[in-house]
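First, the structure itself, so that you have it in front of you.
The values are calculated or read from the model by the stated rules, or taken from the named source; none is laboratory data. Since the structure is predicted, the reported quantities are computational estimates derived from the model, not experimental observations. Here the Cβ positions follow ideal geometry from the backbone for every residue, glycine too, while neighbour counts run over all protein chains shown.
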Amino acid sequence: MPLLVLGWLSYSVNRAELESTVGGAHQATALAAARSCERWVAQELDSLRLSLSAIDFDRLSRDEAATVLRIPYRQLDSVDAIVLLDEQGNALMPPLAGGKAGGRMDAADLDLFGKHLPLAYAVAAGTAISLPYRGKSGPARLAVALRIGVPHAAPIRVVAAQLSLAQLERQMAELARDGAVAYAVARDGMLVAGDAGGAPGRDELSLIEAGSVVRRVRRGDGTEWLAAFAPTGDLGWGVVVAQPAAQALRPAQRVRVYTIFWAAVALALVALLGTFLSRGLADPIRRLSVAAVALTQGRYEETAQPQTRDELGKFAEAFNHMVREVRRRDDEIRAWNGELQQRVDKGTLELREAQDQILRSRRLAALGSLAAGIAHELNNPLTAVAGAASLLQEQLGPGSPHEPLLRMLLDQSARISQLGAGLRQFADQERDAAGQRFPLARPVRAALEAHKDDIAGHRIELSAELRDSLPEAQGNPEQIQQAVSHLVRNAIQAMPDGGRLTVRLMAVDGEALKLSVSDTGKGIPAANRERIFDPFFSTKGKHTGAGLGLSIAHSVVLAHHGKLLVESAEGQGATFTVLLPVAAAAAHLT
């Protein structure tokens, strides 16, 4: 391992230095070639401009202009087409083209020349050069345009020429040697001059986007090359010089081969030496390992057998002693766990029985308190009221103007007495009949109507959402009205200084009816929330109520096979929710 690390470090350092040196040489070559390309284009433009500077095209006819332009056309080897144009691009003479070694240019080549001609830029700036382009054959070309005559004076004449880049092809061929490639390429990936050895790949084209840079790239065939790119000034293209990485970094690869070879030799020697040393060490450790695995699996009978008296033998004896201790303590823990589980099961059973007994006792006590409260709060006052009303009726006789009032008093007293009897039936959880079907909105509206004066007197805003199109309930509507009345009265008493009372009635999946009574009062403390349905439990003043309202409402809802739920936070109001089953074909209440 140390040899591998040192060899790898040596290889990495040598490779980095070699890559920097070779890459710097490639970059210098690419930069020199790019400057040479830029100088060549500038020289060709200067030569063309110098040839045209002594010609006064305004005094020449069309044929004379064609004759005069033959001079730069024949003198400049790179010019393979030339034409005189006006400001709108109309030819003022037949174009001179195809008379050189490059071959004759056809109409398609002339059309390509016209498409790339930067006429508008030449009219505005005086000189313009297009991006390189290629025809059907031959080297790449440049379209250049020179404005002649006095600037800003009419008429404007433009000499357009097409430059062949054959000279750059030869320069790139001279740079490509020893397995390297050199080529000029446009930013769109078009090959301008030279041989790239295949189409440039995406990684290679990223060099053009990065500008002047040297790095390793992966070509289209998957091989890795060390490439450098240098832009050619304002021409919009650049020069790439690249060499296969395996060839450029061959000395570093040789260092890697030597490192691997000597590392393999060292590994063979270490393996040979380790074979002799491991005979007295591997077997005892293997036996200890097997015993340790058996210990983790709970197999205490498998122990390590010491065969020597050295440190490994003493370690095996200590390990066996530890196994015996672990087994003894494991047995003790298992026995204690079994006994503890029996005690827990027994205690749980006793606790459940005690809880059931407490719940039954509390329920019986609550029902007893409810019955006693009804007898105390209703029977004695009702007897006195009914007796007094009967006595007055006898004394006043028939035809008295107070007879309707006394009759109503007797009727209401009888009704209250009947409700008290019904509450005693709910305390015993017994019903004589299934009741009747009725829309639940009707007793709810009756309860709200009975308390409208109290609601208005306490400056409470009432919001009621009651729909008659809901399924019907089944039971005793008067008892439901009484239960809702207790909930509304409880909400009014919770808002002595005014607030908002919200009553909503809705259906739940077509199987139940949900009635919610919400107030914005003082709320219910968390400590009292479990006792609010107990008879005679009240958080109000001494003369405010007897604490039977919520317990009566709870009993009525339970007798109708429903649920009464409460949601409240101290200081944030309370919401009482009544859930009742809808009436079905067969009676629910039996």
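Assess whether SER10 counts as being surrounded by fewer than 17 Cβ atoms within 10 Å (Cβ to Cβ) and small (Gly, Ala, Ser).
yes
From the list LEU6, LEU60, pick out the single residue that is in the same structural domain as ARG216 (by TED's automatic domain parsing), modelled with pLDDT under 85 and among the hydrophobic types (A, V, I, L, M, F, W, C).
Answer to the selection: LEU6.
Go through the range 63-83 and give me each residue that's under 26 Å from ALA140 (Cβ atoms) and either of a type in the set (Ser, Thr, Tyr) or not assigned by TED's automatic domain parsing to the domain that holds PHE113 (or both). Reasoning before the result, please.
Filtering the range 63-83 for residues under 26 Å from ALA140 (Cβ atoms) gives 69-83.
Once the filter is applied, which keeps residues that are under 26 Å from ALA140 (Cβ atoms) and either of a type in the set (Ser, Thr, Tyr) or not assigned by TED's automatic domain parsing to the domain that holds PHE113 (or both), the range 63-83 yields TYR73, SER78.
Let me ask something else about it. Residues in the range 304-321: is at least one in a helix (DSSP H, G or I), of a type in the set (Val, Ile, Thr) and surrounded by 11 or more Cβ atoms within 10 Å (Cβ to Cβ)?
no
Please enumerate the residues belonging to the range 170-195 that are in a loop (DSSP other than H, G, I, E, B) and either more than 15 Å from ALA33 (Cα to Cα) or at pLDDT 80 or above (or both).
Answer for the range 170-195, where residues must be in a loop (DSSP other than H, G, I, E, B) and either more than 15 Å from ALA33 (Cα to Cα) or at pLDDT 80 or above (or both): ALA176, ASP178, GLY179, ALA180, ARG187, ASP188, GLY189, MET190, ASP195.
Further question: Counting just the residues of the range 480-507 that are within 41 Å of the chain's Cα centre (by Cα) and within 20 Å of VAL556 (Cα to Cα), which one comes out surrounded by the fewest Cβ atoms within 10 Å (Cβ to Cβ)?
Ranking the qualifying residues of the range 480-507, first place goes to MET506.
Considering only the range 48-148, give the strands (runs of 3 or more DSSP E) lying wholly within it that have at least 1 residues that are of a type in the set (Asp, Glu) and touching a residue at least 40 places away in the same chain (Cβ under 8 Å).
Result: 79-86.
Mind checking which residues of the range 25-46 are surrounded by 12 or more Cβ atoms within 10 Å (Cβ to Cβ) and farther than 27 Å from VAL217 by Cα?
Residues satisfying the conditions are ARG39, TRP40, VAL41, ALA42, GLU44, LEU45.
Would you call LYS136 more than 30 Å from PRO244 (Cα to Cα), loosely packed, with under 13 Cβ neighbours inside 10 Å and touching a helix residue (DSSP H, G or I) at 6+ places or on another chain (Cβ under 9 Å)?
yes
So which residues in the range 13-24 are at pLDDT 75 or above, surrounded by 15 or more Cβ atoms within 10 Å (Cβ to Cβ) and out of contact with any Lys or Arg (no Cβ under 8 Å at 6 or more places or on another chain), if there are any at all?
Answer for the range 13-24, where residues must be at pLDDT 75 or above, surrounded by 15 or more Cβ atoms within 10 Å (Cβ to Cβ) and out of contact with any Lys or Arg (no Cβ under 8 Å at 6 or more places or on another chain): just VAL22.
Can you give me the ranges of the strands (runs of 3 or more DSSP E) entirely in the range 201-271 with at least 3 residues that are acidic (Asp, Glu) and either loosely packed, with under 15 Cβ neighbours inside 10 Å or assigned by TED's automatic domain parsing to the domain that holds LEU131 (or both)?
Here the list is empty.
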